[in-house]
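The numbers here are math on the coordinates, done by the rules we state, and not lab data. Because the structure is a prediction, the values reported are computed rather than measured. Note that each Cβ is placed from the backbone with ideal geometry, even for glycine, and that neighbours are counted across all protein chains shown.
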Amino acid sequence: MATAPHSSTTSVVIPSTLPNNPSLTVSASGSLMKNYLPALPIAPGDQVTAACDSNGAPIVFSFGADSGDFYAIVNVSNDPTGWSQIDLLPGVAALGKPVYFASGQLSNGNLCLFLACQDTTSGAVSTYVAGPLSNNLQQTNLAQLASLWTPAGNPLPGSSVNRASISPLDDGQGFGIPMLAVGLVDPHTTDVLTYMMQSTVNTTTGAITWNWTAFPSPTDARTVLDYAPGAIADLGQGLYMLYARQDGSTQLIFKTLLNEFGRDYVRALTVPAGQNSLQTTAGSGTTSYLYAGGAAGLVFWDASAQLDSKATAWTAAQTIATDSQLPGMSAGGLVVRQNFNKPNAIAAWALSGSNLYLLSQFEYQGALHWTTPLVLKTDIALIAPLINPVTRANELVFLTTDWESQKAIHYLWQDPATTLWQEETIPLYNGDKVQEVSSYSTKLSFRINGQAPAARLPLTLTSASYQSLLVNGLKYTVNAGASVQVETNVTGGLDIIQQIQDLAVSTFTLTSTAFTDTLQLNPASNVYKKLAAVRTGADIPVLPSTLPQGVTADQIASAVAQMMAFTPEQPYPTEVISVVGTAPQAKAVARTARPPQVFALSFGPQGIRYHTGAEATQFGVVGTVGEWIVDAVGDVVQFIGNVVGQIGHMLFEVAATVIKITLNVAGRVIKFVIQNFPQLFAFLTALFKALMVGLDKLIGWLGELFGWDDIWATHLVIAKTLTGALDALAKEAQQDSAKLKKKMASIIAGPLGFARENFASMTVPASVASMVPSQAAAATQQSQPSINLDTPIASWASYQTQYSGMLLGGGPAGDLPAPVQKFIDDVLIPTCFVLVKAIEEDWKNLQAVFTGEGTTVENIVTFLQGLAKTIIDTLEVVLLGCVDYLLDLVPWVVQLLTEPVNMPFISGFYTWLTSALGQGDNPSEELTAVNLMSLLVAIPYTYLYKIANDGQAPFPSSGSNTKSKKREVEPLDLWTSMMRLDTAQSSSRKEASTAAKRYSVIGAGIASVSALLASLMGFVRAGLEEAAQKGKSGKCLLAAILAMGGIAAAFTYPVETPAMDGTAHDLRLAVWVASILRMACTALPIPSVAVRGTIKACFDAGIGVAAISSDIIGSPSNSTWCSDVCSNLGGVITGISTAIVEVQPEAAVTMIGGMGLSYLGGNLVALVTALSMNISKAEAIYFQNVGG
């Protein structure tokens, strides 16, 4: 479903504690949207186990005997995905070929690992044990696991390992080492023989020896169904064995190891017939808890149920789930976990076919209860459950039934605050692949006094729930009420991405030493507002055009409206950002009691019906009703999503602070209570799923879509235009390089000579003399609040530029030709340093002019007039030298931009997008810097253009369904068409002016976006220097910056118009040439940041003087003045500050100020101005007619 973008930001102004900066302006925007990450899911082996590290995060072991895979996958910080994969295979290569692996974890957190390896020559299988290992991964380095394997031998020569079970209890010797039960396959009979492994510890050396004890099956056993190691307090350590007798009956016993007198003990436990699976947990510490699953459901023995049946404290085992509640449990399909810190907190997971059930024991009002078994997931092949010891919530690592083709390990975790579940595939960073995820994305921008970016601002982010999130490109896992330390980026931005599986999401607070208030963030603010505004079916455009019989769109809308009317006890922030403040919160206003709103939805063969009044109330007494579920609402919501086709009815009672829902599924009745909006949003996702509206459609309605068809069409035009400009430049350089140099030299010399002679005496027009650039920039942006880069989609390209790794790679850029390098060393750098030194001598005045409040255009021009001759002389020397030497690089530059390049993330994304748009897996366009950067520019430009033009795209795609219909219209080459119209003999002046207007307006917006991204690349470039020096980057960075500069140049050629002709136009032409050469020079592989800053400052100063000269003569609009002063002259302060920051540390502050003026003031003003001109559809059609 295509929708027009709807972008908005909310801003707050708060007092700042920063010196000399009284306030901070914080703007925020949140979107429900698709996101794209440079990641690839980890492919699993056929065995996956899991444990918890000391922080509660999963340690996942993936093992494949046939594939040869053996990995540990751990949670890491300061990483784009939050996961790291450790290859364990090299560490065991000397032991043979790994053929079996098992892991276990004791209640103290210690790990025990079991490994069987086969000698590649003899085929003999030996076993090894590693443990006890601390689950604190700062102490246990899994990458160094090779030295921790203790040989354990094999008591049965020629046998192979069938199974290994690790006891959840230590063996009672006080060393924290468990017993193991191992099944070995007899090579002669193929019978599975059971052995117990117990350790002996040398208390002097600490050496561990493993001893094997044969554990024969009971003499009356026909088949051993399952076994599990454990302990009973009055008997000792041993093995529970579930077996079928010769007569077919089911028997369960506990048998101890032989004691020092050679005697063992056996205790029979009563078990229902048909059970097939055993599990043990640590229990009370001396007696393990025992669980048996199968045809009779699930039976649980606590410590008292395992006493001798004649003992006074003996109690019977509990059937905690009947066969009807837990039907058809698979053999070996039961896994139970117990909380390390709270023995009564237990979770039982059971596979019935591929349906996964969960039931949990919890304590409520002094009594223990088990939840109703619910289908938590479907299509499950293998499970590795956990109880997080930190959050005390359930988690699950699992494989789906199609894992061999999907090649992914899934991770499901529960938030203890809301009991809701979230899921992700466990990924690793991969610059060649793209992972598409559903997400809430929140973009925050911090500005000092509303102007300069508050860069590197330290922030403390606190989450209201257990949440996994990306903050400025790094993954964090935040517990409810816990905090992480983050900081804004170089542009004062903070980007938060939360991957989701439904509409629910956490809220956050932000605090800082830079301000005293507390900021509250709600990424789902827009979703809340849209849902709260639903009144009629027309407000839910994603409903199927033909609803099931018996229900109308208005009735569905009524149900949503009534649910959204509840007001939970915990206040819910409705704005994306709000100020909580430092003062204690006022007490909640007493609510007026009102009768619950009651309605029902019934689902049947005849369709769906909506019921009210008495008709609805009758559904409350259908079936057997249990207690209201309050503490496992997330389990119920997850269950509903799995059984939408089996729902009988839902009865809703919307009270003032809660929503009570009675759910009938296949005759079973479940009653649960929704207490907050995250729970409601998750439930609404499941409800819409029952109405055939999936999450993707909800994103299209409640969130934002990129509109890839239109973006692709814009990208093709940008790429075609830049290619046309490059072809023209290459052709002219090839035909007569000397003539081209002479032409460009004349373009430079004449206008700059005019500026040199006249700039000092020029008078600023009265209309702009008193204009304060920073204030004018802010006013321009505020006049068009929807056109801004502080929204998640508009800033997506900026985000990827900074965090996807796209600027890394490509290898070193290579050496420049010797004459060019000599020019840089002998002319460019020394000349620029002369000017920088002259400006630096007037440093205090420079600071005041560019960063002082109330500084007007006239103040700035007056300051520059005193330096005009030095500035222009320097610029002329530099430009003429550039023409002489850098034009020789034209073939090299053209080749760099047009040859195939593998740029991390963006190349993979380009390929992914062409496939998603139905153009096949191999893009028809080559992966060149031109194509890649054109796509990056097209994303924000198309999105913002559509906002400014009522959803109309700048270059509409040829069809609404690009997947089934390829583009039939050749993309425009605006450069060639504009130049042809401007110079053709048959073109009238009117036609040329009209073409110039179209080109200037469309081009200004595209050029502004590319200039913004090019500036951003320059800002983040310094952070890449270390990688560049190691040879990991250089070429991609260089190609990206040059391509962005090329796009800006191709779309800003100053065509002559009545409003800009004669000398004013000549100056603009000189500025255009200078801008191209500035981009070329600042993109050159010059290692010193200070030198690059020096060069940039000289160019910006000279270009600023030339541009202002043109402005004074041509008297253009105020917005052009604002853009020129902010963009070019803001760059002066940035460049000079960068050049001298090592000797004048206070320059770091002004560097940020200049950055804000140029990056956000200049380029953004130009973008807002271009897009706010409302190019009409007719003009776009005109351009198509004249351009092709």
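Structural remarks
- Relative contact order of the range 29-81, defined on C-alpha pairs under 8 angstrom at six or more residues apart (%): 26 percent
- Each Lys or Arg adds one and each Asp or Glu takes one away; over the other residues whose Cβ falls under 15 Å from the Cβ of residue 767, this sums to -3.
- What the phi angles of the range 733-750 give under the Karplus curve with 6.51, -1.76 and 1.60, with θ = phi - 60°, is a coupling list of 5, 6, 5, 7, 4, 5, 5, 5, 4, 5, 4, 5, 5, 5, 4, 7, 5, x Hz, glycine and proline written as x.
- Euclidean distance of C-alpha centroids, the range 507-526 and the range 775-820, integer Å: 26 Å
- Dipole in debye (nearest 20) - the range 679-780, about Cα centre, beta carbon charges: Lys, Arg +1; Asp, Glu -1: 360 debye
- Per-residue HN-Hα couplings for the range 61-66 [Karplus 6.51, -1.76, 1.60; θ = phi - 60°; Hz; x = Gly/Pro]: 10, 10, 9, x, 5, 7
- Each other residue within a Cβ distance under 14 Å of residue 77 adds +1 if Lys or Arg and -1 if Asp or Glu, for a net charge of -1.
- Fewest-first sequence of 188, 715, 410 by Cβ atoms within 10 Å of each Cβ: 188, 410, 715
- Euclidean distance of C-alpha centroids, the range 390-463 and the range 630-646, integer Å: 22 Å
- With all projection directions averaged, the alpha carbon convex hull of the range 324-369 covers 3.9 nm².
- Residue order, fewest to most beta carbons within 10 Å, for 888, 1061: 1061, 888
- Footprinting exposure proxy for 692, 1044 (fewest neighbouring C-beta atoms within 10 Å first): 692, 1044
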